[in-house]
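The values are calculated or read from the model by the stated rules, or taken from the named source; none is laboratory data. Keep in mind the model is a prediction, meaning the values are calculated, not measured. When we count neighbours, we look across all protein chains shown, and the Cβ atoms used for this are built from the backbone with ideal geometry, even at glycine. Only protein heavy atoms, including side chains, enter the accessible area calculation; ligands, DNA and RNA are left aside. Shrake-Rupley method; radii C 1.70, N 1.55, O 1.52, S 1.80 Å.
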Amino acid sequence: MSLTPVKVALQALLDSVPGPTSVEIVPLASCAGRVLGADIVALRTQPPFANSAMDGYAARAADLAPANELRVIGESAAGRAFAGTVGPGEAIRIFTGAPMPDGADTILIQENADGVGGTVIRVREGAQPGRFVRPAGLDFREGDVLLPAGRRLDSAALGLAAAAGHPTLPVRRKPLVAILATGDELVLPGETVGPDQIVASNSYSLAAIVEEIGGTAFDLGIARDNHPDLAAKIERARAAGADVLITLGGASVGAHDLVQEALKRQGMELGFWKIAMRPGKPMMMGRLGAMVAVGLPGNPVSSIVCGHLFVAPLIEALLGMPDPARDRSEPAILGIDMPANDEREDYLRADLQHIEAGWLASPFAKQDSSMLGNLARARALVIRPAHAEPAKEGAPCRIIRLR
């Protein structure tokens, strides 16, 4: 079987998504980080009335010739509007956010008035009509579309939704992602490690990626290298209604790599297997009914790199976010010489420095896919395209920033 290019594999994976998850109504206070399932329309006008942008005096611009004196007839504060009308030669004391009174068309800021706080003020410097006045609807008006479906709700978006009068919001259900580690050699952290065993780490890394992007991770534990245990764990994922099943390890061609066969026995339709990338070549994808099945390599770095490149966009697609297939890379400059590349696209762990010319990315000398220490220290992945020619230090490159 020929190797599938990374972009082709990603598009095939995204095409396998049956559609965004359902929409649920969630209290505003619980919506941080969630993704909108519908456009959000303003339920009110903001501000609902013209108000002052500064502390000072609401008056008529025609009365504000320098040295003119105005009689102060009242006060307007936020939450306590002045009920009367400002006439010729009159002003009211006004504070930031307070409603503009009838008859006034400008704000004389207190720095431009003498006698502040008294019943008569003298104008130092006038103001044009509308100066320091926020008109009604300056921010938005009732019926305006404020936030589009697919927008992740950050602090600004949540504040806007609250100001627009929404106590609840329609958001996409968090995709349920079942994660299954496989292999007789694995034990959980804290358990006794036998002479031929290692500690399972991939499940925790993939769960972190899932939760960071907006999904819910469901840990299925460790399946041993036998078909009954694999079948039981896969059935648990299906019974839980998982949108995605991620298997870790067992997707290669060895005698003990049983995952692909186990999934096929459950009815999986294989989409692709083996990607033209390093690390991550043994990755596979298929559909098991409504559930998307993703088989990631067992090597820790391979699984995490594939998590960033494939699992994160998959979850975004399930959340209905725009353009999950977008290019997530950015330009940088190589900090070291690089040799020519073969038919596989490389994702090299690298240090990253910001210099005057931009990002300087220096791949580490050791790139073995079992070395998590290098990945934890890396600030970026340097992308070396398939069949790339040798590149000298200072040559342009593309990177995916990790932190």
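The residues of the range 1-105 expose on average 47 square angstrom of accessible surface per residue, using a 1.4 Å probe on protein heavy atoms.
Would you please classify the overall shape of the range 321-403 from the alpha carbon gyration tensor, given that a ≥ b ≥ c denote the square roots of the eigenvalues, rounded means a/c under 1.5, and beyond that prolate means a/b larger than b/c while oblate covers the rest? It comes out rounded by the Cα gyration axes. Labels on offer are [x] -0.32, -0.55, -1.02; [y] -0.25, -0.44, -0.99; [z] -0.42, -0.61, -0.93, and the one holding log10 I(q)/I(0) by the Debye sum over Cα atoms at q = 0.06, 0.08, 0.12 Å⁻¹ computed from this structure is [z]. The aspartates and glutamates within cross-link reach of K264, meaning a Cα-to-Cα straight distance under 18 Å and a gap of 8 or more places when in the same chain, are D225, D229, E235, D243. Across the range 157-166, coupling constants 3J(HN,Hα) worked out from phi with the 6.51/-1.76/1.60 Karplus curve, θ = phi - 60°, read 5, 5, x, 5, 4, 5, 4, 7, x, 9 Hz, and Gly and Pro carry x.
Compute the Cα gyration tensor for the range 1-86, then decide on rounded, prolate or oblate, letting a ≥ b ≥ c be the square roots of its eigenvalues: rounded whenever a/c is under 1.5, prolate when a/b is larger than b/c in the other cases, and oblate in all that remain. Judged from the Cα gyration tensor, the range 1-86 comes out prolate (a/c at least 1.5, a/b above b/c). Measuring max minus min along each principal axis, the C-alpha atoms of the range 224-330 give extents of 44, 30, 20 Å (largest first).
Close amide H pairs (under 5 Å, H built 1.01 Å from N) link I109 with Y57, residues at least 5 positions away or on another chain. Our coupling estimate for the range 308-324, obtained by passing each phi through the Karplus curve with A = 6.51, B = -1.76, C = 1.60 and θ = phi - 60°, is 5, 7, 10, 5, 4, x, 4, 5, 4, 5, 5, 8, x, 6, x, 6, x Hz, Gly and Pro reported as x. Peptides 372-379, 146-153, 291-298 ranked from most to least packed give 291-298, 146-153, 372-379, packing being the mean of other C-beta atoms within 10 angstrom over each peptide's residues. Placing a label point 7 Å from the Cα of E393 along the Cα-to-Cβ line, the residues of the range 322-346 whose backbone N sits under 18 Å from it are 332-340.
Highest mobility in the GNM of the chain, judged by mean-square fluctuation with C-alpha springs under 10 Å and restricted to A361, A83, A332, is found for A83.
Using the Cβ-Cβ distance between D114 and E356 with R0 set to 41 Å, the FRET efficiency from 1/(1 + (r/R0)^6) comes to roughly 0.20. For the range 160-238, taking Cα atoms only, Rg and Dmax work out to 18.1, 62 Å respectively.
Given 0.36 nm per residue, what is the gain on full extension from H308 to A208 after removing their alpha carbon distance, in nm?
Value of the extension gain: 34.9 nm.
Find how many whole Å separate the alpha carbon centroid of the range 340-395 from the alpha carbon centroid of the range 56-96. With the range 56-96 and the range 340-395 each reduced to a Cα centre, they are spaced 65 Å.
For the pair V187 and T85, the difference between a 0.36 nm per residue extended length and the Cα-Cα distance amounts to 28.9 nm.
When the accessible area of the chain is split by element with a 1.4 Å probe, what percent falls to carbon and sulfur?
Heavy-atom surface of the chain belonging to carbon and sulfur, 1.4 Å probe: 53 percent.
Karplus-based coupling profile of the range 292-307, in residue order and whole Hz: 7, 9, 10, x, 9, x, x, 4, x, 5, 4, 5, 6, 4, 5, x, with θ = phi - 60° in 6.51 cos²θ - 1.76 cosθ + 1.60 and x standing for Gly or Pro. Among beta bridges identified by DSSP and lying wholly in the chain, the antiparallel ones come to about 65 percent. The slack between A65 and A32, meaning 0.36 nm per residue of separation minus the straight C-alpha distance, is 6.8 nm.
Close amide H pairs (under 5 Å, H built 1.01 Å from N) link T4 with I275, A276, residues at least 5 positions away or on another chain. Close amide-amide hydrogen proximity is noted between A293 and L245, G286, R287, L288, each under 5 Å apart and 5 or more residues distant or on a separate chain (H modeled in the peptide plane; Pro and chain starts excluded). Using R0 = 41 Å, the C-beta based FRET efficiency linking D337 and Q11 works out to 0.80. Would you mind classifying the range 111-205 by shape? Square roots of the alpha carbon gyration tensor eigenvalues, ordered a ≥ b ≥ c; an a/c under 1.5 is rounded, otherwise it is prolate if a/b is larger than b/c and oblate if not. Prolate is the answer for the range 111-205, as a/c is 1.5 or above and a/b outweighs b/c. The modelled label-to-label distance between E75 and A163, using points 7 Å beyond Cα along the C-beta direction, is 2.7 nm. In degrees between 0 and 90, to the nearest 10, how far off the longest principal axis of the chain does helix 6-15 point, with axes built from Cα atoms? That helix lies at roughly 70 degrees to the long axis.
At a probe radius of 1.4 angstrom, the accessible area of the range 180-242 per residue rounds to 48 square angstrom. Adding -39500 (n - 2.57) for every DSSP H run of four residues or longer, then dividing by how many residues the chain holds, sets the calculated 222 nm ellipticity at -5000 deg cm²/dmol. To the nearest ten degrees, helix 227-239 and the longest principal axis of the Cα atoms of the chain are 20 degrees apart.
For the pair A325 and R379, a Förster radius of 22 Å applied to the C-beta separation gives a FRET efficiency near 0.35, rounded to the nearest 0.05.
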